[in-house]
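Reading through the structure tokens given below for one structure.
The values are calculated or read from the model by the stated rules, or taken from the named source; none is laboratory data. Owing to the predicted nature of the structure, the values given are computational and were not obtained by experimental measurement. Here the Cβ positions follow ideal geometry from the backbone for every residue, glycine too, while neighbour counts run over all protein chains shown.
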Amino acid sequence: MANWAYQRLGAPPQSWTPSSRRRQLAYISLGVCMIFLLLLVIARPASGTLGDYQHNAGSETNQTKPEPDATSDANGASEQCSNGTEPAKDSILKTPGPPTYEALRKWEDDLPQHDVDLPFPEGRKGRYLKFSNEFKNVGWNNCLNERLLNAHLAYMSKRAYVFSDYVWAPEHYQWPPEQQPEGGPRTPLTAIVSGPMAGGLWGPDDDAPRSISARWFDVVCPESERYLIHTEDVKPIVANLSGDALFAHWQKILLDSDERCIEIVPPTPDIDHLPQVFDLWLFGTTRVLSLWDSFSKSPTSRFLAPSPIVQAAISRNEYLFLPRGPRPPHPAPRDAFARTLAIHLRRGDYLTHCQNMASWGSTYYSWALLPVIVDRFTPLPPDDPARAETMLSHCLPTIAQLVQKIHDAREDYIEAGEGRVLDVVYLLTNEHGSWLDELITELKAAGWYTIVTSRDLQLDAEQTDVSMAIDMHLARKAAVFIGNGWSSFTSNIIHQRLVDGREPISIRLT
């Protein structure tokens, strides 16, 4: 640096005047500052908190305002951000950029079932089912509950399910437009979940064909060999049937068909803007509940697990959940998650959305409607002046109401068993700023010593991309979960916790 400054000044030291010395010092200071700034850019860490990446806290955790031609269910339960945080509003480039998943895509392509020489029911003579009518450009959890049922239908129809990437709505992607990949942002399904739906194994004695990727479907089922089922030819027949009757109708069509490769295709949006086999009109009503017995026992549900990327993020951040308060008066679990109460706090778009659902008289969404769930909600009549206030107390509770709900859920859970301790609380939220600060202050005053939020998690680029699934698995692992009954994120957590055998008293709703 001294030599560089000397060359810039271009005069021997012995001839410098005092003013020259001052100029020298100025140049040296400027050079040092420039190098310092350059080093900061180079050394910027490759990971950050969820807040750094505008993480969607809860993967589908919430429902956004429905549009008449967009994805919205009977209760207006459409989710644009998987876990309920808001996207970044600026276009500042982020370091690192979005993941490319090159190694993961290579792993997908090399799945053992991607082999035309395999014997039936796989290989070139296998039977396959692709749903080209699946949700795109909506929140992850709207996609997840549909894809799980699609995979279950394929399984019960003795066909291999064809899985595809999760396609983001560009405005809700974790990175700004300048960094989004050509063709739009998308995330491999295998980066989010694992299990039979994502190409994993079935049970040890189950000879069902394994799921294949959409890329392999193009190989083993070229377009010339595909039989197309148009949803507009089937859906009007089953539009008002119970979920199990709807399922049985589609299952019969698929079992009776001799076609090797079937693709279910949607019409144009002007004919049906919700062309899914299991659409939001089903998930938003009690019609879906008749599917629970078969679906919950299905290996599609039982073997559903987080991806290795999600598991690594959980392990990386587990230390945050170690209890920091005084020792409990009796022996407590060593597993920190066995002492954790997780609560899903949807804010942001819900500030408006809950008002809309109050005016519509919306009920809870999907599996939150199961009779086994402890907390129930029935909308008041339209002419009842307390209708909106009652709805908001559940959909958008105040800080005081939340603190009370957390207290009550903890007391109920502890009283229901021996040796139970809850001394860690995890806030799955898209909120930040003064509201969250005030809630944390009130929880500390109520005796919670260990409080973790979604934004405390340290995630690398791939983990940031699937942060909604990370929050979901933390809620699945927690001893107690409190959700929002209008959210598909909450509904999917209810599904996973009940399949895991969790007690209903450990699953609560605001």
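Please give the helices (runs of 4 or more DSSP H) falling wholly within the stretch 433-482 in which 1 or more residues are without any contact (Cβ under 8 Å) to a residue 12 or more places away in the chain.
434-445
Do the conditions hold for LYS444, that is, is it at pLDDT 95 or above, charged (D, E, K, R) and surrounded by 14 or more Cβ atoms within 10 Å (Cβ to Cβ)?
No.
Mind listing just one residue for me: the one in the stretch 204-215 that is of a type outside the set (A, V, I, L, M) and touching a strand residue (DSSP E or B) at 6+ places or on another chain (Cβ under 8 Å) and, of those, surrounded by the most Cβ atoms within 10 Å (Cβ to Cβ)?
The extreme case among them is SER211.
Considering every residue within the stretch 93-100, establish whether at least one is of a type in the set (A, V, I, L, M) and either outside any loop (DSSP other than H, G, I, E, B) or surrounded by 13 or more Cβ atoms within 10 Å (Cβ to Cβ) (or both). First the steps, then the outcome.
Initial filter on the stretch 93-100 (of a type in the set (A, V, I, L, M)): 93.
Adding the requirement that they be either outside any loop (DSSP other than H, G, I, E, B) or surrounded by 13 or more Cβ atoms within 10 Å (Cβ to Cβ) (or both) leaves none.
Among the residues of the stretch 93-100, not one is of a type in the set (A, V, I, L, M) and either outside any loop (DSSP other than H, G, I, E, B) or surrounded by 13 or more Cβ atoms within 10 Å (Cβ to Cβ) (or both), which makes the answer no.
Within the stretch 179-186, is there a residue that is among the small types (Gly, Ala, Ser) and part of a strand (DSSP E or B)?
No, the conditions are met nowhere in the stretch 179-186.
For the stretch 187-222, how many residues are in contact (Cβ under 8 Å) with a residue 24 or more places away in the chain and part of a loop (DSSP other than H, G, I, E, B)?
If we filter the stretch 187-222 for residues that are in contact (Cβ under 8 Å) with a residue 24 or more places away in the chain, which is where we start, we get 187-203, 206-217, 219-221.
Next, from what is left, pick out any that are part of a loop (DSSP other than H, G, I, E, B): 188, 195, 199-203, 206-211, 221.
Number satisfying all stated conditions: 14.
So is ASP423 touching a helix residue (DSSP H, G or I) at 6+ places or on another chain (Cβ under 7 Å), touching a residue at least 40 places away in the same chain (Cβ under 8 Å), over 17 Å from ILE507 (Cβ atoms) and among the charged types (D, E, K, R) or not?
yes
Which pairs turn up if I take residues in the stretch 320-340 that are without any contact (Cβ under 8 Å) to a residue 40 or more places away in the chain and look for partners that are of a type in the set (Lys, Arg) and outside any loop (DSSP other than H, G, I, E, B) with beta carbon separation below 9 Å, at least 6 apart in sequence or on another chain?
Between residues of the stretch 320-340 that are without any contact (Cβ under 8 Å) to a residue 40 or more places away in the chain and residues that are of a type in the set (Lys, Arg) and outside any loop (DSSP other than H, G, I, E, B), the close pairs are ASP335/LYS477.
In the stretch 110-147, which residue that is touching a helix residue (DSSP H, G or I) at 6+ places or on another chain (Cβ under 6 Å) and hydrophobic (A, V, I, L, M, F, W, C) is farthest from PRO188 (Cα to Cα)?
For the stretch 110-147, the residue satisfying everything is VAL116.
Out of the residues in the stretch 333-388 meeting the condition of being at positive phi and assigned to a loop (DSSP other than H, G, I, E, B), tell me which one is farthest from the chain's Cα centre (by Cα).
GLY361
Filtering the stretch 260-279 down to residues that are touching a residue at least 12 places away in the same chain (Cβ under 8 Å) and exposed (fewer than 15 other Cβ atoms within 10 Å of the Cβ), which residue is nearest to VAL138 (Cα to Cα)?
Only one residue tops the list, namely PRO269.
Each row is one residue, and each column tells you yes or no for (1) closer than 29 Å to SER366 by Cβ; (2) surrounded by fewer than 16 Cβ atoms within 10 Å (Cβ to Cβ).
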| site | (1), (2) |
| --- | --- |
| ARG105 | no, no |
| ASP115 | no, yes |
| GLY123 | no, yes |
| PHE135 | yes, no |
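Quick test for you: out of LEU380, LEU369, pick the one residue that is among the hydrophobic types (A, V, I, L, M, F, W, C), free of Cβ contacts under 8 Å to residues at least 24 places away in the same chain and either farther than 30 Å from ALA469 by Cβ or not assigned by TED's automatic domain parsing to the domain that holds THR286 (or both).
Numbers: LEU369 fails: free of Cβ contacts under 8 Å to residues at least 24 places away in the same chain.
One residue alone meets the criteria, LEU380.
Could you please find all residues in the stretch 398-421 being surrounded by 22 or more Cβ atoms within 10 Å (Cβ to Cβ) and in contact with a Lys or Arg (Cβ under 7 Å, 6 or more places away or on another chain)?
Filtering the stretch 398-421 down to residues surrounded by 22 or more Cβ atoms within 10 Å (Cβ to Cβ) leaves 406, 409-410.
Matches in the stretch 398-421: ALA409 only.
Condition (residue is more than 19 Å from the chain's Cα centre (by Cα), of a type in the set (Val, Ile, Thr) and on the phi < 0 side of the Ramachandran plot) applied to the stretch 300-314: is it met by at least one residue? Outline the logic, then answer.
The initial filter retains those residues of the stretch 300-314 that are more than 19 Å from the chain's Cα centre (by Cα), namely none.
Checked against the condition, which is being more than 19 Å from the chain's Cα centre (by Cα), of a type in the set (Val, Ile, Thr) and on the phi < 0 side of the Ramachandran plot, the stretch 300-314 yields no hits at all.
Would you check if LEU228 is of a type in the set (A, V, I, L, M), modelled with pLDDT of 95 or more and not in a strand (DSSP E or B)?
no
Is at least one residue of the stretch 276-298 polar (S, T, N, Q), out of contact with any Gly (no Cβ under 6 Å at 6 or more places or on another chain) and assigned by TED's automatic domain parsing to the domain that holds ILE399? Break it down stepwise before answering.
Quick first cut of the stretch 276-298, residues polar (S, T, N, Q) only: 276, 285-286, 290, 294, 296, 298.
Imposing the further condition that a residue be out of contact with any Gly (no Cβ under 6 Å at 6 or more places or on another chain) reduces the set to 276, 285-286, 294, 296, 298.
The next check asks that each one be assigned by TED's automatic domain parsing to the domain that holds ILE399; those that pass are none.
There is no residue in the stretch 276-298 that is polar (S, T, N, Q), out of contact with any Gly (no Cβ under 6 Å at 6 or more places or on another chain) and assigned by TED's automatic domain parsing to the domain that holds ILE399.
Please indicate, with yes or no, whether at least one residue in the stretch 242-255 is closer than 18 Å to SER132 by Cβ and in a strand (DSSP E or B).
The answer is no; no qualifying residue exists.
Here is a list: THR441, THR398, THR429, THR450. Which entry is of a type in the set (Val, Ile, Thr) and closer than 30 Å to TRP168 by Cβ?
THR429
Taking ARG147 as meeting all but one of (1) surrounded by fewer than 24 Cβ atoms within 10 Å (Cβ to Cβ); (2) basic (Lys, Arg); (3) within 19 Å of MET472 (Cα to Cα), write down the number of the exception.
(1)
Going through the stretch 150-172 one residue at a time, which ones are surrounded by fewer than 24 Cβ atoms within 10 Å (Cβ to Cβ) and either of a type in the set (Val, Ile, Thr) or at pLDDT below 95 (or both)?
VAL167, ALA169, PRO170, GLU171, HIS172
When you look at GLU259, is it touching a strand residue (DSSP E or B) at 6+ places or on another chain (Cβ under 7 Å), in a loop (DSSP other than H, G, I, E, B) and more than 30 Å from THR464 (Cα to Cα), yes or no?
Answer is yes for this residue.
How do the pairs read when you match residues in the stretch 156-184 that are under 19 Å from TYR101 (Cβ atoms) with residues anywhere that are β-branched (Val, Ile, Thr) and in a strand (DSSP E or B), using Cβ under 8 Å and keeping only pairs 6 or more apart or on different chains?
VAL162/ILE212; PHE163/ILE212; ASP165/THR187; TYR166/THR187; TRP168/THR187; GLY184/VAL167
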